[in-house]
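The values are calculated or read from the model by the stated rules, or taken from the named source; none is laboratory data. What you see is a predicted model; the values in this text were computed from it and never measured. So basically every Cβ, Gly included, is an ideal-geometry build from the backbone, and we count neighbours across all protein chains shown.
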Amino acid sequence: MSRIIAVIGVFLVFTLPAFAGGRSEGQSRLRVMIVERSEVPRDQGRVNDNPWTEYVQREMAKLDIDVRFVPVGGSLVRHTVMMATNTAPDLAFTHGRLLFMKFAADGGLHDLGQYIPEYGPNIPAVLGESHLRLGQIDGVQYAIPSRREIDARYASFIRKDWLDALGMDVPTNRAELTAALRAFRDRNPGNVPASELRPWGWFTDDPGTVFDSDFKLFDAMYSFLEHDPAANMGSLWPVRDGFRDFMRWLHDLYQEGLIEREFATDKFEIKTRHVVNGSVGFIHVPWDYLYAQNSSSVALNLARNVPGAEFVPVDVFEGPDGVYRKLRYLPTRLYAFSPRRSRVPEAAVAYLNWMLADDTAWTLAFGRTGDQHTIVDGLPVFGDLQRYADTFGYISESLRILGDFPFGPKITSAVREQFRVNDFSGNDARALAMARENSFQEPVFQSRMSTMARSGPGLIRIAESYWVKLITEPNFDAQFDEFIRRMNDRGMQEIIDERRAYRERFGVE
């Protein structure tokens, strides 16, 4: 009995006959997309050619599948170009649900459901039928959704040492936050050179897909709106009551010099450098942004550069009803699919099935037993964490297309604690709890949304072009009216009508 079954006793493991479709010589060539999540150590090779991609290739060869990894950037534009030019790998994926829905609506994806009974029985057994529905459009399994263990998204953080120096309490709403930002600007408690001071730093440079779930300031925006799940499903954010006030608030903060001036042009690395150098007072970022458990930790580097500096998690985006609501992730990270031009969708399903076999899932999550870890009382025990990172950790997430395997809370908790070498005075745990509290999920559309698929990309481009203008340029009202007019010209109202029709047909989830 395998170690996972011995420990958990809940998973069925299926074995498959060798996959014999595709090429005349008896082996099917499967091109698999891979994205570099961490820098590959020089002695390990490249993201598509290293000891672990070789391991995958050896294992898949036993199923008569010749795997070739194709390194691809993660941008939406790159995905769209690959699909349009028929150059996407046989097994690809996207994080964007809107993009997945567009590919499906355009007829660009295989129905993978027809291959699951023969080539992918592990898929429903491990992921579950209800989870698989996230990859269905009108009941057709166009994608296999990966699994996400932690669904928390964003949290806010403020410099507690700056507040203490000013004799100010931690803010609890937008008005108090604004007062704190002004005090940071006017009284400069960190003695930061004026040209470098950023009361609100790490400010996002784009509005995501029309201020939707991937918008990094979604929680701030939502605090201006009434919490209404029916409106969330049947409308778009720019026309909701309160959205204009949200944008005007950001505009006013920028005009007062409270938001970093270069937010539209500074890259991730530069914005993070400002944070670790101690020139930023407030940020709204992924809940774990500060708390990496390695030398890149923002919190540790800040404390090293500026002794006594400390960010603490804070709830400031209070809604009209007095509740601090946050958007949580869907229980999936990405959508794995096979483009219609692929001649080996069966091999793609067989590959995903192999990833969900118990021994494979264990190896792809923890490395090899006796090398990256040992087993004590059925739990993986990691010794040298740096060696783990250098010999396996750099590639693990890139290979695990289907995300977090459900090993069970005992194993998951034990692994998480071993990698939590710094407790950050409990701030990381508080940030996670804060990001989860009063959280809600975005609407999920599981039928073809033709208008949204056709007009959505154009609306995204308009929103992107006006995001910076609305915040930085002086004539806010004229800019906002023009923004809404252009959105309507590109089909915004038609998308709203389509969403309302969906809501009437299927109800509010």
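Here are the numbers:
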| read-out | value |
| --- | --- |
| Lone unmet requirement of (1) surrounded by fewer than 20 Cβ atoms within 10 Å (Cβ to Cβ); (2) farther than 30 Å from Gly45 by Cα; (3) at pLDDT below 95 for Thr85 | (2) |
| Criterion (out of contact with any helix residue (DSSP H, G or I) (no Cβ under 7 Å at 6 or more places or on another chain), modelled with pLDDT of 95 or more, under 30 Å from Ile123 (Cα atoms) and assigned by TED's automatic domain parsing to the domain that holds Tyr291) met by exactly one of Arg430, Arg436 | Arg436 |
| Evaluation of Gln386 against (1) surrounded by 18 or more Cβ atoms within 10 Å (Cβ to Cβ); (2) part of a helix (DSSP H, G or I) (one fails), failing number | (1) |
| Selected residue [out of contact with any Ser or Thr (no Cβ under 7 Å at 6 or more places or on another chain) and closer than 23 Å to Arg503 by Cβ] from Glu176, Glu226, Glu256, Glu260 | Glu226 |
| Subset of the range 389-436 [in contact (Cβ under 8 Å) with a residue 24 or more places away in the chain, surrounded by fewer than 19 Cβ atoms within 10 Å (Cβ to Cβ), charged (D, E, K, R) and within 18 Å of Ala292 (Cα to Cα)] | Asp390, Glu397, Arg420, Arg430 |
| Only listed residue being surrounded by 13 or more Cβ atoms within 10 Å (Cβ to Cβ) and modelled with pLDDT of 95 or more, chosen from Val72, Val47, Val7 | Val47 |
| Cross-chain or 6+ apart pairs with Cβ under 7 Å, the range 85-102 first and at positive phi, then surrounded by fewer than 23 Cβ atoms within 10 Å (Cβ to Cβ) | Asn86/Arg341 |
| Within the range 184-214, tally of residues that are surrounded by fewer than 19 Cβ atoms within 10 Å (Cβ to Cβ), within 30 Å of Pro238 (Cβ to Cβ) and among the hydroxyl-bearing types (Ser, Thr, Tyr) | 2 |
| Considering residues of the range 48-82 that are in contact with an Asp or Glu (Cβ under 8 Å, 6 or more places away or on another chain) and among the hydrophobic types (A, V, I, L, M, F, W, C) only, the residue farthest from Glu36 (Cα to Cα) | Met60 |
| Residues that are within 30 Å of His110 (Cα to Cα) and aromatic (Phe, Trp, Tyr), drawn from the range 138-163 | Tyr142 |
| Residue in the range 501-508 that is modelled with pLDDT of 95 or more, out of contact with any strand residue (DSSP E or B) (no Cβ under 7 Å at 6 or more places or on another chain) and surrounded by 15 or more Cβ atoms within 10 Å (Cβ to Cβ) present | yes |
| The range 90-114 - residue that is among the charged types (D, E, K, R) and not in a helix (DSSP H, G or I) and, of those, surrounded by the most Cβ atoms within 10 Å (Cβ to Cβ) | Asp90 |
| Out of His131, His110, sole residue that is at pLDDT 95 or above, touching a Pro at 6+ places or on another chain (Cβ under 9 Å) and under 23 Å from Arg31 (Cβ atoms) | His110 |
| Every residue from the range 417-446 that is within 20 Å of Thr332 (Cβ to Cβ) and not aromatic (Phe, Trp, Tyr) | Leu432, Ala435, Arg436, Ser439, Gln441, Glu442, Pro443, Val444, Gln446 |
| Exclusive hit being assigned by TED's automatic domain parsing to the domain that holds Pro199 and closer than 19 Å to Trp200 by Cα, set Phe268, Phe218, Phe246 | Phe268 |
| Residue ranges of helices (runs of 4 or more DSSP H) in the range 164-271 with at least 1 members free of Cβ contacts under 8 Å to residues at least 12 places away in the same chain | 174-187, 229-234, 243-255 |
| Only one of Asn277, Asn294 that is modelled with pLDDT under 95 and either within 26 Å of Asp428 (Cα to Cα) or not charged (D, E, K, R) (or both) | Asn294 |
| Matching option when the condition is under 30 Å from Asn488 (Cα atoms) and either in contact with a His (Cβ under 9 Å, 6 or more places away or on another chain) or part of a helix (DSSP H, G or I) (or both), among Leu432, Leu459 | Leu459 |
| Residue list for the range 26-71, restricted to those being without any contact (Cβ under 8 Å) to a residue 60 or more places away in the chain and touching a strand residue (DSSP E or B) at 6+ places or on another chain (Cβ under 7 Å) | Gln27, Asn48, Gln57, Asp64, Asp66, Arg68, Phe69, Val70, Pro71 |
| Filter result for Phe337 (modelled with pLDDT of 95 or more, crowded, with 19+ Cβ neighbours inside 10 Å and not assigned by TED's automatic domain parsing to the domain that holds Gln141) | no |
| Unmet criterion (only one of (1) buried (at least 18 other Cβ atoms within 10 Å of the Cβ); (2) among the hydrophobic types (A, V, I, L, M, F, W, C); (3) not in a helix (DSSP H, G or I)) for Leu330 | (1) |
